[in-house]
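The values are calculated or read from the model by the stated rules, or taken from the named source; none is laboratory data. Here the structure is a predicted model, which means the values were calculated and not measured. Methodologically, a virtual Cβ is constructed for each residue, glycine included, from the backbone with ideal geometry; neighbour enumeration extends over all protein chains shown.
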Amino acid sequence: MKLLTRILLINWHYIKYQCIDFSDINFLTGKNGSGKSTIIDALQLVLLGDTSGFYFNKAANDKSQRSLKGYLRGEVAEDEETNTVYLRNDDFSSYLVLEFHDKKSNQYFCLGVVFDCYDDGSHDHQFFYLNDKLPANHFIEKGTELNRKGLKAFFFNNYSRGKYQFFETNSKYQEVALGKLGQINKKFFRLLKKAVPFSPIMDIKGFISEFVCDVENKIDITDMQENIRYYKQLEHDLEIVKRKIGILKEIESQHKFYCEELQRLETQKYLIDRGIQEQLQNRVAKIAQDIHRLREKIAANEGSLREKEEELTSLQEERDHLFAEKINSDVYRKREELGRQIEDLQRESKAIEHSKGILLGLIKGVLYTWREVYQWCRENLAEMPLLEEPLDYLANISEGKLELITREKLWFVKQALQEYVNKINDAYSTHRTELDGLMQYLGRLEEEIKNLRQGIKAFPPAILELKNLIAEKLSAKHQRDIKPQIFADLLEIKSDQWRNAIEGYLNTQKFYLIVEPKYFIEALKIYDEFKFTHKIYDVGIVDIEKIIARHPRPQPNSLAEEVESTNPYARSYADFLLGHVIKCEKVEQLRDFRTSITPSCMLYHNYVARQINPQRYETPYIGQRAVINQLRLKEAKYTEVSEQRDALGPKVAKLAQLRNSSVINDENISSILQNKQAVDRLPQVTHALDKATRQLAALDLSYLTRVEKLLKEAENNIGVVNKQIRELEKSKGKYYSERDEKEKALPLLEKDIAAQKEDIKSRYEAPWVEAVGEPRFRQELSQRKDPENIVNTFTTTVKGTQSRIENKWKAMLESRIIYNRDYNGALDVNAQGNAAYAQELRVLEDTSLVQYEEKIKDAQEKAQEQFKEDFISKLKKNIEDAREQIDDLNKALKDIPFGRDKYRFTVTPNPHYKKYYEMITDDMLLEGLTLFSASFQSRYQDVVEELFRQIIDVDEGLVSADRREELNKNLDKFTDYRTYLDFDLAVTDDRGMESRLSRVIAKKSGGETQTPFYISVLASFVQLYRIKSRNQDNTVRILVFDEAYSKMDHQRIKESINLIRKLGLQVILSAPTEKIGDIAPLVDRNLCVTRIKNETVIKSFDPREVEGA
């Protein structure tokens, strides 16, 4: 066996240097925080080869924040300003080294890791192996630990090359470490992480199956998969042959029905063609009769037309005589002249009224607009000129007093309105400028309020720009976060009574920047470099070093007493500035001191009293409350300015509208004067119109009326005769057209008859026509009487037949396409005949079926043999091996009680996979029966088929990615013997009552849950270290428990340690001091961990010496 003998720790948390010896059973104890877990985590780091630190201190807190950096540098505290505080901040190296003794070969070897840590906070590491004891110098030369380079040189100078090895990766180290510890399984890493925290196992079944049984989990069934896949593929191929035969038979049947429908279609088309021929012959006879009848109608029409033309000539002569008599009359000529005169005067009068409307509309438009403008301006603007006179003038004109219109008066109105518009423009410019200023101010207030709500004070921009420049340059140079502070941010004012006095007295000094003294000169150079390019003026940087050197002490009752600061630099500067300014409640007290001030900011300095300008303190900047006060003031100001903007905005909008108000221009004046000139002619026109109207009314029109009546009657008679003539001519044209159309159609029909006969002759064979077609036509004609009935009936019938032919062709075509597509065929799908498909059917029926049946029989035999040998037999052996290992562990546990309970491991079939378990463990296959034997198939056919589907894909290459992933998962599951078993830990109490731990663990007490965890972990390590295997047991025995036995009583602890001894394990236990009485007398070596100030020390003592004392 291989035992851990020593551990070397250098620069590990509070440990500067410790070399600890170990025996078989070791007990680490000490107060909380003394460093027990520090040692446990060091052991884990080397044993696991894992520098991630996720496992650190898990016994104390599952969400532990301990880190590798904290262990290496010695994290001791956290500071609000500088964050983490470390013991080690410069360059140094750390060592964690384990020394083992191989008792079989009596040789020693070491596993360890060296860390090189640098002052910038980074570190490098390298695991190493040494085939020898720990060197006497413990990797320290001249009082300093060797760094990695020095360690490599030390090994090179003191050991042969094969005696040591450095590892470039953690994984390579882990591989070699497992070999040096006895070629143990890599699940050692998982098991150790599970064991160290000593946390109860709630999933007892999963833990036993993963760690307790050491049986090969999976079986290689590649060959079996291939043969079963081949067998299933043959079955699949045979099924394809059968489906191909079925489809080919379907195609043959479809082709037969298709041909029958084609013959039926030919008969139906002949009946239609023969019916059309008969229809054409009947139409020729009918047209000949129609031509004779139309010739008779044309002759009668022409006689009636000659009579009406003679009557029309007589009526036209009468009308012409009456018209000549009318126009030669004096009365007619006078009436026409007066009518034209009245129309002209009426037109002129209407035009004058239109001009008057335009004139008044223009005047009223200007008047109404300017009344509104003038009213609004008088109510909202001051110092505007008067408009009563021009508006009254326009009002008189709008009321019809057009005689007031003169060019001079209109010019006066124009000038008055234009002057008013100019005043409106001036008012708009003034108010617009004021509104723009308010909007800009609101924008600045919004930005300041936004920053204040985020806790950002509204400091002057130059201060923030210099602060950021210094921070950026210094941080980049020194590779650490360096932030100058504004003096006001570092102070808090105790009392609001003195807030204004402090704010006002400090004035711009409260904006000065505070930097660490060692960076003052560099900050000053940065300021000097950028002051002109960035226009940064009047911003101060405080020379804190000089101020501290003066040791400023504030006077009693000074303003310095009213400020607080946690920053020592700000505190010194505040004492320097305010420590000599004395607080006075009344002004008469001011002259008692050299420098003094009242709460109302009356300042007395150098024998001069003056009131500080309120602008210095009206906006507070000092302290966190300044943000709240600034925010309150800015929000109030924002509300005030918003109200001003809201009041001014509508006014500006109205002025923008009014400045575009129309005025009377020169064009308007010309239009008004022109329209007035037209209106002045209205009386003259009205008089002339009245005179002409009276003259027209005085005329005697009786003779003229009688002549016009006779003339109208003559016109009416002419119209009637003309209409009769047109109707006769229309009828004549219609008869001629019908006759010509029919005479033209007759030879065409005769030609169509000849063409139809020729078409029938060419499309239908004469014997078929004589034997089938013509007799069937005569039969149909006899029944239906009219050839049109035959054509109509069979035209509809043909559509149905064509549809059936098309459907049958499509069905056959689809079957052919499916056949070619599904079975990679190359036959012509559009062939009218079916010979190629019939030949394919005969080949498949006569040869392929027989060949596949023979291959399937052979594949079945091979598949069942491999199923027995590669799968069933190996799975059965693994199950039996697991049961045997559990039996061996139970023998070791048989006589060891834990309190009133005894424990044993159980293994039973998993109820979810019991049908598979029964098939696997059935002896039928091992007794000579085959996989396809009737008795085996009757019992397990469904189980075998289901299992095949779980682990084997038949359609290789066609399986989806999800299905492929499912098959891989199933393969891992169903080739793992643990799938078919249920593991548990049985607990038997002193009454002989037995229970399964998996069912009752949630109801157990703390000690009752730790005991099964303890037993399961010990059993897992026994299997892992192969303690029961002869010739394979030269392995490490190490086991680590942190915060062990915290919930066990004395008796359970004693029994647990006895079991460790019986199993031959080496253990390192860690527990608090209250467990010393229970554990110390039972172990081989006690290690007491104590921390003195900032250093952890480990002292060992023999438990027998304790008993003697």
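Show the residue pairs that are 6+ apart or on different chains and have beta-carbon atoms under 6 Å apart, the first residue being within the range 645-656 and closer than 14 Å to residue 430 by Cβ, the second being charged (D, E, K, R).
Correct list of pairs: 652/432.
Let me confirm something: among 349, 314, which residue is over 22 Å from residue 715 (Cα atoms), assigned to a helix (DSSP H, G or I) and not assigned by TED's automatic domain parsing to the domain that holds residue 694?
349
How many of the residues making up the range 80-108 are crowded, with 20+ Cβ neighbours inside 10 Å and in contact with a helix residue (DSSP H, G or I) (Cβ under 6 Å, 6 or more places away or on another chain)?
3
What number of residues within the range 6-44 satisfy the criterion of being under 23 Å from residue 136 (Cα atoms) and among the charged types (D, E, K, R)?
3
Go through (1) among the hydrophobic types (A, V, I, L, M, F, W, C); (2) at pLDDT below 95; (3) not assigned by TED's automatic domain parsing to the domain that holds residue 454 one by one and return the number of the condition residue 582 breaks.
(2)
Does residue 434 satisfy the criteria of being in contact with a helix residue (DSSP H, G or I) (Cβ under 7 Å, 6 or more places away or on another chain), part of a helix (DSSP H, G or I) and of a type in the set (D, E, K, R)?
Yes: the conditions hold for residue 434.
From the list 322, 345, 338, 271, which residue is surrounded by 16 or more Cβ atoms within 10 Å (Cβ to Cβ), under 30 Å from residue 793 (Cα atoms) and more than 60 Å from the chain's Cα centre (by Cα)?
271
Answer yes or no as to whether residue 62 is modelled with pLDDT of 90 or more, farther than 16 Å from residue 1098 by Cβ and not small (Gly, Ala, Ser).
Here the answer is no, as residue 62 does not meet what is asked.
Contact list please: Cβ distance under 7 Å, first residue in the range 870-887 and touching a residue at least 60 places away in the same chain (Cβ under 8 Å) and over 17 Å from residue 975 (Cα atoms), second residue in a helix (DSSP H, G or I) and among the polar types (S, T, N, Q), pairs at least six apart or on different chains.
885/1023
Among the listed residues 465, 492, identify the single one that is in contact with a Phe, Trp or Tyr (Cβ under 9 Å, 6 or more places away or on another chain), acidic (Asp, Glu) and not assigned by TED's automatic domain parsing to the domain that holds residue 638.
465
With 590, 577 as the choices, which residue is buried (at least 18 other Cβ atoms within 10 Å of the Cβ) and under 24 Å from residue 490 (Cα atoms)?
Step by step, each of 590, 577 is checked, and only 577 is buried (at least 18 other Cβ atoms within 10 Å of the Cβ) and under 24 Å from residue 490 (Cα atoms).
Where residues in the range 626-644 are in contact (Cβ under 8 Å) with a residue 24 or more places away in the chain and over 30 Å from residue 492 (Cα atoms), which of them is farthest from the chain's Cα centre (by Cα)?
Filtering the range 626-644 for residues that are in contact (Cβ under 8 Å) with a residue 24 or more places away in the chain and over 30 Å from residue 492 (Cα atoms), the one farthest from the chain's Cα centre (by Cα) comes out as 644.
For the range 620-657, give me each residue that is closer than 30 Å to residue 564 by Cβ, crowded, with 17+ Cβ neighbours inside 10 Å and of a type outside the set (Phe, Trp, Tyr).
The answer is 620, 622, 623, 626, 627, 629, 630, 631, 634.
Restricting attention to the range 463-496, which residues are under 19 Å from residue 565 (Cβ atoms) and not in a strand (DSSP E or B)?
Within the range 463-496, 463, 467, 483, 484, 487, 488, 489, 490, 491, 494, 495, 496 qualify.
Take the residues of the range 971-996 that are modelled with pLDDT under 80 and polar (S, T, N, Q): which is farthest from residue 877 (Cα to Cα)?
995
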